[in-house]
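The values are calculated or read from the model by the stated rules, or taken from the named source; none is laboratory data. Everything numeric here is computed off the predicted structure, so don't read it as measured data. Reconstructed Cβ throughout: ideal geometry from the backbone, glycine too, with neighbour counts over all protein chains shown.
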Amino acid sequence: MSTGAGTTAFGASTMNPVAATAATSSKKASTMKQRIENLLATVFGAIFLLLSAVVTVETLSRKLFNISLQGADELGGYALAVGSTIAFSLALMGRNHIRVDVFHERFPKRMQAALNWLAIVSLALFGAFIAWIAFKVIGDTLQYGSTAQTPWATPLIWPQSVWYAGLVVFALVAVGYAVHATRLLLGGHLDRLNHEFQPKSAKDELKEELDDLAQRRAVETQGART
Amino acid sequence: MSVGIFGLAFLAMLGLMLAGMPIAVSMALVGVIGGISAYGVPFMDSIAPVVWGVQNENLLTSIPLFVLLGELLLRSGIADRMYIALSAWLGRMPGGLLHTNIGACALFAATSGSSVATAATVGTVALPSLQRRGYSMRASLGSLAAGGTLGILIPPSVNMIVYGSLTNTSIGKLFIAGIIPGLLLTSCFMLWIWISSVLSGTVKREDKVPLAERLRTLQFLVPPVVVFGIVMGSLYFGIATTTESAALGVVAALSFVAQSGKLNWELLRNCFVSTARVSGMILLIIVAAFILNLTVSLTGVAEAMTKWVAGLGLTATGFILALIVFYLILGMFMDVLSMQVATIPITFPIAVALGVDPVWFGIFIVLMCELGLITPPVGMNLFVVHGIRPDKGGLQDVIWGALPYALIMIGFTLLLLMVPGLATWLPGHM
Amino acid sequence: QDRLSFKAIGQPLATGLIQKNKEQPFFEQFAAKTGLPIDVDYKPIDTLGIKDTEQLRVMKAGLFDFVSLRVSQNSRDEPMLLGLDLVGASPDYATGAKVSKAWFDTVDQRLQQQFQVKLLAVWPFGPQILFCKKPISKLADIKGMKVRVYDQNLAKFIELVGGTPVPVAFADTHQSLSLGVVDCAVTGPSSANSAGWPEVTTHQLPLGFQMALNGYAITLKAWNRLKPDQQAKMSAAFDTLSKDIWAYSEELFQDALNCNAGKDPCTTGKKFKLTQVAVSPADLELVRGAVSKTSLPVWAEVCDKSNPGCSQKWTAAVGPVLGLK
Ligand code: NA
Ligand code: NA
């Protein structure tokens, strides 16, 4: 979402001229982030809308005409494999990977910064680790020429290579964030680090969800009057 | 690995979580480090096939689908209007919309085999309305996390199917057995909302709505009733399995959105982003839970603990009471499905040997799973409901909000222990 | 004397009496049962959270030493495995034993080479038979009905007979039958009994489509730690175990059929009242015909791709047993 990064840029630019350059680059980064987010969300949504359509056709044709495509469940498994890796990335970009923040807010600023840094770095390491070990799955599949034991007899490398690409994207996004956080830490920008990487909290501004909500409410009120 | 080292590892995981490390990372880190230190490189090479196995599981596909269904109903305003209608009818009760939360959860539970999906869908639909109308976020989150657990007590239920297949108990009987406890627990939750609302002094209730207006709001119920009807009907009348019914629901919801003229790219994009964020968070935790579970099962600690509890020489009642404590503690830390699979093979034969009815024990296990879903630090429904709250407060809100319901569940389990017929009477008349 | 400590991946816990009464006790009392100084840490695969399709990969990783290998599921990674149990090749126990024996060595060599795993024995869950909730008097009656299948080969066979194959997970099948998602379903009579399928069906046709084979295998790493006399002892122990399981499986099969049909003796399951359809020579012919019509050609395509000459080897080794030209 753009609003968070935009406010950060604004806040930074009022502080000092050095940060103003950072603000420009941050604005660029935020556009880039939104583009990536849009792209990933489109792919994710397309996967599950398409799956829903296929499953609906399968279910209806099975009920009405006794014809089964035989493989909607297999497709569902692949949809989840690919869709979930994309979802990992989007959850990361939305800071949705859950953290317990019961004590976090009570820690001093420097400790919060250290923990926020550690949290994103550990997530990046986890993402990189999964991508690294998953490469073995791809290698094995290629070596064995694995073929799904299903009516479609899908060569396993097709869904798995897309799944793997999704894991790599997740790892890259996470490492990107971790590098950014490390630069903020080393540069001493603890406030910005804490602002961008703290667990989501009430202090955060309201996001697009609430704009959306207000919009719907306006329409509702209008609807109620007519 | 000795129980002592295992205890230390568990404390380390707890420490990581409380220090604010991501939950998924804390679980995976302890699983990976524990596994590699005990079993070396072979353990590491075994993780990847496990990860693919989890991510390729069609049963879990229903999670993003049900979340997407809820998002569509929510963002097109359909669910908002349903909420207006339900609150017009239920809102006068002390506690107001919180009753609607529980009612909607119970209704949705009858279409969903999973508590996580129930909490996610109803929560997505309900939370913005609750926030807008100024309900305490704590109470709202608690009612949704707890209401969501009804998803596995009211049939269909994934956990009952797992229990039935592990213990050779009739799944049909288990489903039937879940109905009365499901409705009773729903009533208990509503009763609590009523009482706590009256006790709090500031009785929160909605304004009285004139009858004509209330009747007019019934039209708002048409799209959600049709969507729920398609999901529920396709399940009950033999047209679809759980994941398929979720897909049918998505298509139906999408056509209602299109019909309302609100279908546009902006709306879809928002639905996709939110669905991906929520399900990405849940699924990463599930992946981490499986990595941790591999280590836990290899060490055999769950079995050791179960054997220890079983070895105390208790009566049936004493055994069940001990199990409540045992599952309460285990459920704090474990994913409930892993917990089920790891412990039932040991606890079930003992329970049966002590004369406990298998169907009754199944309902008991499901209740313990429900409890585990809302106890911190690892409580999937807590995470889910927290993940979709619109105001981004702390996790402690949902933890405290769900606490009374956890106590009610324990109380309800004791009631079931005293009156076993609540679970066994209906299936006995099949 | 050094005591060795091995880890074993077992069948899922809910699998049934063979797992419960033969497999688990054998591994848990390994030293006593084999006379070898080896203790085995036995873990049912579902408690580990590992999917059965991943068994060969996990074995290759070396975390475990023994595996109770599911043949059909793991033919994903090694198609040769399925040659042990093609649809129609083993309609009864005697034929099943001969077929799997004829193909055993080829599979063993391949597993050693590809996965560094040695096959010790092969055993059956038992004939996979048909359960229906609509009246049938012969196999051909499933024409136009929806039939739950568990893999590609069976799906092709059901299509051949004129049914609509619907892949459904075992755990979902009870619900799918009761809801009418499927009209018929295929599994072993004992599994069907314990999963309560007779509650939601009316007929059983005791004609085996496949034997549902499994194997016991050990990693070469673990195997090579043993002295030659120990290896011989271990081979003998697994031989004895598998012979024991073949006999037990046949007993269970008959007993479960009785239970499902409400007849005596019924000692291992719950009594139900299914109508038992008599197997006609025409039915038997239909099933046997599946080998050359569907299951061999379908399998040959996959197997030859990963391992040229695979199907030729099969025809040479197993063909004579079945009287195939
Ligand atoms: Na349910
Ligand atoms: Na918990």
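Scanning region C:266-289 for residues that are assigned to a helix (DSSP H, G or I) and buried (at least 16 other Cβ atoms within 10 Å of the Cβ) turns up C:283, C:284, C:286, C:287, C:288.
Residue pairs whose Cβ atoms lie under 6 Å apart, sitting 6 or more positions apart in sequence or on different chains, and linking a residue in region B:319-342 that is away from every other protein chain (no Cβ under 14 Å) to a partner that is near ligand 2 (Cβ under 10 Å from one of its atoms) and modelled with pLDDT of 85 or more, are B:331/B:371; B:331/B:372; B:331/B:375.
Evaluate region B:367-377: report whether one residue or more is within 16 Å of ligand 2 (Cβ to nearest atom), modelled with pLDDT under 90 and crowded, with 21+ Cβ neighbours inside 10 Å. Yes, because at least one residue in region B:367-377 is within 16 Å of ligand 2 (Cβ to nearest atom), modelled with pLDDT under 90 and crowded, with 21+ Cβ neighbours inside 10 Å. When B:284, B:267 are checked against the criterion of being modelled with pLDDT of 85 or more, surrounded by fewer than 23 Cβ atoms within 10 Å (Cβ to Cβ) and facing chain A (nearest Cβ under 9 Å), a single residue qualifies: B:267.
If the condition is being assigned to a helix (DSSP H, G or I) and free of Cβ contacts under 8 Å to residues at least 40 places away in the same chain, then region C:30-56 contributes C:30, C:31, C:32, C:45, C:46, C:47, C:48, C:53, C:54. Figure legend. Inter-residue proximity from region C:144-162: first residues within 13 Å of residue C:88 (Cα to Cα) and free of Cβ contacts under 8 Å to residues at least 40 places away in the same chain, second residues β-branched (Val, Ile, Thr) and surrounded by 24 or more Cβ atoms within 10 Å (Cβ to Cβ), beta-carbon distance below 6 Å, spacing 6+ or different chains. Indicated pairs: C:155/C:149; C:158/C:147; C:158/C:149.
Based on this model, can you work out whether residue C:131 counts as in contact with a strand residue (DSSP E or B) (Cβ under 9 Å, 6 or more places away or on another chain), buried (at least 24 other Cβ atoms within 10 Å of the Cβ), within 23 Å of residue C:15 (Cα to Cα) and modelled with pLDDT of 95 or more? So residue C:131 passes the test. Of the strands (runs of 3 or more DSSP E) lying entirely inside region C:135-221, the ones with 1 or more residues being more than 14 Å from chain B (Cβ to nearest Cβ) and over 28 Å from residue C:267 (Cα atoms) are found at C:146-149, C:164-167, C:213-219. Exactly one residue out of B:48, B:85, B:24 is within 22 Å of the chain's Cα centre (by Cα) and assigned to a helix (DSSP H, G or I): that is B:24. For region B:191-216, enumerate the residues that are in contact (Cβ under 8 Å) with a residue 12 or more places away in the chain and within 27 Å of the chain's Cα centre (by Cα). B:192, B:193, B:194, B:196, B:197, B:204, B:205, listed by residue number.
Cβ separations smaller than 6 Å between residues 6+ apart or across chains give the following pairs from region A:86-109 residues that are at positive phi to residues that are at pLDDT below 75: A:95/A:200. Tell me yes or no: at least one residue of region C:85-96 is crowded, with 19+ Cβ neighbours inside 10 Å, more than 25 Å from residue C:303 (Cβ to Cβ) and not hydroxyl-bearing (Ser, Thr, Tyr). Looking for residues that are crowded, with 19+ Cβ neighbours inside 10 Å, more than 25 Å from residue C:303 (Cβ to Cβ) and not hydroxyl-bearing (Ser, Thr, Tyr), one finds none in region C:85-96, hence no. Is it the case, given these coordinates, that residue C:81 is in contact (Cβ under 8 Å) with a residue 12 or more places away in the chain, buried (at least 24 other Cβ atoms within 10 Å of the Cβ) and either out of contact with any Ser or Thr (no Cβ under 8 Å at 6 or more places or on another chain) or at the interface with another protein chain (Cβ under 8 Å from one of its Cβ atoms) (or both)? It is false that residue C:81 is in contact (Cβ under 8 Å) with a residue 12 or more places away in the chain, buried (at least 24 other Cβ atoms within 10 Å of the Cβ) and either out of contact with any Ser or Thr (no Cβ under 8 Å at 6 or more places or on another chain) or at the interface with another protein chain (Cβ under 8 Å from one of its Cβ atoms) (or both). Exactly one residue out of B:66, B:108 is within 16 Å of ligand 1 (Cβ to nearest atom) and within 14 Å of another protein chain (Cβ to nearest Cβ): that is B:66. Those helices (runs of 4 or more DSSP H) of region A:1-106 in which at least 2 residues are within 10 Å of chain B (Cβ to nearest Cβ), modelled with pLDDT under 85 and within 30 Å of residue C:151 (Cα to Cα), considering only elements entirely within it, cover A:17-65, A:72-93.
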